[in-house]
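K.L.:
Right, I'll just put the structure down here and ask away after.
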Amino acid sequence: MAGQSSSDYRELLAPRIRLPENVEDIKTAYKSARPFPHVILDNLFHEESLNPLLSEIAGMADNQWVTFDRNPRERTLRMRSAAEMQQASLHILSIVHSVPFLLFLSEITGVQRLLPDPYLQGGGFAAMRRGHFFDVHADQSIEFGTGLTRRLAMIIFLNKSWKREYHGELELWSADGERCEVSVDPLFNRTILFEVAFPNYHGVPAPLACPSDRMRQSFLVYYHTTERVQADQARPKAHTTIFAPRVFGTPMAAIKTIVREVTPPFLVRLARKLIE
């Protein structure tokens with residue numbers, strides 16, 4: 001942006017987040033990532049900024065949540081209205097919607113003139129309870145309320161002491177929707193930034209197995225532009241959420257769940273260690 005340099009935004013952001021020392025490495029990681037552009041940033045935010053969010057979520061009444069139930073493709077909870085946000089969440093928004101932060105994202109992704117969404121349509125607090133899931137999908141391309149094009153999604157995970165047997169990993173899938181290529185544990189103060197495009201399939205397809213008193217919690221922000229710069233997308237300009245094809249009529253989430261349920265836990269842990 002005119003009048004702004006990378007050194008300017010870094011100086012302005014430094015007190016507010018843990019700015020990575022080498023943004024060039026992050027740029028390279030984002031652009032070369034498979035199955036589509038993304039990057040994972042651990043401990044990007046100061047804990048004193050995120051910890052109060054947990055109290056805000058715990059204090060939300062049932063009528064402040066909306067249940068998305070598109071069985072058998074999705075069952076999740078989303079914050080009903082950005083107008084009800086309190087001090088801690090407004091503080092986070094003051095960071096992630098700020099000009100220095102937008103410049104930071106533009107430097108990583110190469111997407112210029114990013115715009116936030118002050119209405120948080122589809123954004124803000126998100127939660128999943130035991131048994132909830134979100135089948136593999138590509139995000140909607142247009143924010144229909146404003147007409148802006150979604151370009152980036154950023155998820156800040158808010159789960160302390162989260163165990164792998166709870167499931168809840170964010171999975172990034174191949175363009176044909178047939179296999180998971182990246183699995184991201186939803187750990188506290190882990191942030192993932194990824195490109196919104198078709199067919200950038202992702203989701204949380206395995207139903208959560210966390211205790212009934214736990215939730216998978218996150219804070220979601222979308223970033224937009226007024227128009228799509230590149231014209232290399234062979235798809236309609238505007239679409240809602242597109243779910244990935246199912247394999248032989250059977251949801252992949254169901255297959256994975258069955259495997260997990262019938263496999264002894266020690267074999268699951270052993271398999272994970274061998275993969276890692």
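The values are calculated or read from the model by the stated rules, or taken from the named source; none is laboratory data. In this text, all values refer to a predicted model and were calculated from it rather than measured experimentally. Here Cβ is always computed from backbone atoms with ideal geometry, including for glycine, and neighbour counts include all displayed protein chains.
K.L.:
Just to be sure, is GLY110 under 18 Å from ARG214 (Cα atoms) and out of contact with any strand residue (DSSP E or B) (no Cβ under 8 Å at 6 or more places or on another chain)?
P.N.:
no
K.L.:
Further question: Can you find a residue that is in contact (Cβ under 8 Å) with a residue 12 or more places away in the chain and of a type in the set (Gly, Ala, Ser) anywhere in region 83-94?
P.N.:
Checking region 83-94: at least one residue is in contact (Cβ under 8 Å) with a residue 12 or more places away in the chain and of a type in the set (Gly, Ala, Ser).
K.L.:
Can ARG80 be described as at pLDDT 95 or above, surrounded by 12 or more Cβ atoms within 10 Å (Cβ to Cβ) and either in contact with a His (Cβ under 6 Å, 6 or more places away or on another chain) or at positive phi (or both)?
P.N.:
Here the answer is no, as ARG80 does not meet what is asked.
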